Amino acid sequence: MSTTVTPTYTSFTLPHDVTELKRVYQKYRDLRLYGLRNDPEISALFTFDQEASWTDTTWLEYLTLPRRYQIVCAASQEPTTGDDSHAMLTGDWVGTITMCGPLSREECTFPASDLSDSEPQEDFTRWWSTGFYLRPEHRGRQAAVEINRGAIELVRSQTVPTDWLSSRDARIWASRTLGNDKVKRMHDGAGYVEAGFLSKAELKQMNAFDGQEETFMATAEGGAEGGRGTNNGSLHERRYPIVETWIRC
């Protein structure tokens, strides 16, 4: 009688060092394209056709954009060793999420929206979580928990005390499409609560918070003209739920 072995999951952050990234970025590309083909909503900026047309150089440029961190979850049939590099090189990559930050208060301001941030700039760090995808066969296990653990670990590593604050919290926002139960379950399990709504145009602005993506889109294959537009009135009318959570750093 055969038994199903539950894999162990390990999360890690993709390196921004190009030399290290060259060893593994193709695994991320394959996971990302698989996700976009099956769930186009995981990206507010790019389509499957766009990203599928990118060259190796374009992928490396995208994955090293500043203040963007790709958290990856790898599955293995071996017990976890705590060695992220081993999991990164040998594990089966099954899920990912992108963490953007730290953001300024101005980068999180949307006057026409009910999503507001009027807190002092220095009291906490601000982050945007996007691009969550988990392969179907690994849903309902511990993979989503591990991805979220890796995201929190990254945020904490980037949230440092100031001269007048011995500790700082972090505020993380994320969006989800109405009816997207798998993302809702992940957010609920991670302690996210409702924070407001953004339009499609505002959602795109949040994902391209510092203009780096716009510059990238203008030069990448299938650039801005092939991207997800915001000039369609129906896109502006559609509202996307925004959730948030706070973590102690």
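For residues that are farther than 23 Å from Ala144 by Cβ and among the hydrophobic types (A, V, I, L, M, F, W, C), scanning just the range 10-22, find the one that is surrounded by the most Cβ atoms within 10 Å (Cβ to Cβ). Among those residues, the one meeting the criterion is Leu21. Annotation: of all residues in the range 207-227 being crowded, with 19+ Cβ neighbours inside 10 Å and not aliphatic (A, V, I, L, M), the one that is modelled with the lowest pLDDT is Gly227.
Against the condition over 18 Å from Gly150 (Cα atoms), in contact (Cβ under 8 Å) with a residue 24 or more places away in the chain and among the small types (Gly, Ala, Ser), how does Ala87 come out, does it pass? Taking the combined requirement at face value, the residue does not satisfy it. Does any residue of the range 65-74 turn out to be of a type outside the set (A, V, I, L, M), open to solvent by 10 Å² or more (accessible area, probe 1.4 Å) and without any contact (Cβ under 8 Å) to a residue 12 or more places away in the chain? No, that holds for no residue.
Scanning the range 48-64 for residues that are open to solvent by less than 40 Å² (accessible area, probe 1.4 Å) and either hydrophobic (A, V, I, L, M, F, W, C) or within 20 Å of Ala144 (Cβ to Cβ) (or both) gives Trp54, Trp59, Leu60, Leu63. The set of residues in the range 23-47 being modelled with pLDDT of 95 or more and surrounded by 13 or more Cβ atoms within 10 Å (Cβ to Cβ) consists of Val24, Tyr25, Lys27, Tyr28, Arg29, Leu31, Arg32, Leu33, Tyr34, Gly35, Leu36. The conditions of being closer than 17 Å to Cys108 by Cβ and modelled with pLDDT under 75 are not met by Arg238.
Filtered by the rule that a residue be at pLDDT below 90 and on the phi > 0 side of the Ramachandran plot, the range 105-150 gives a lone residue, Gly140.
The values are calculated or read from the model by the stated rules, or taken from the named source; none is laboratory data. Treat the numbers as computed from the prediction; the structure is a model and nothing was measured. All Cβ positions, even for glycine, are placed from backbone atoms using ideal geometry, and neighbour counts span all protein chains on display. Heavy atoms of the whole protein, side chains included, go into the accessibility calculation; ligands, DNA and RNA do not. Shrake-Rupley method; radii C 1.70, N 1.55, O 1.52, S 1.80 Å.
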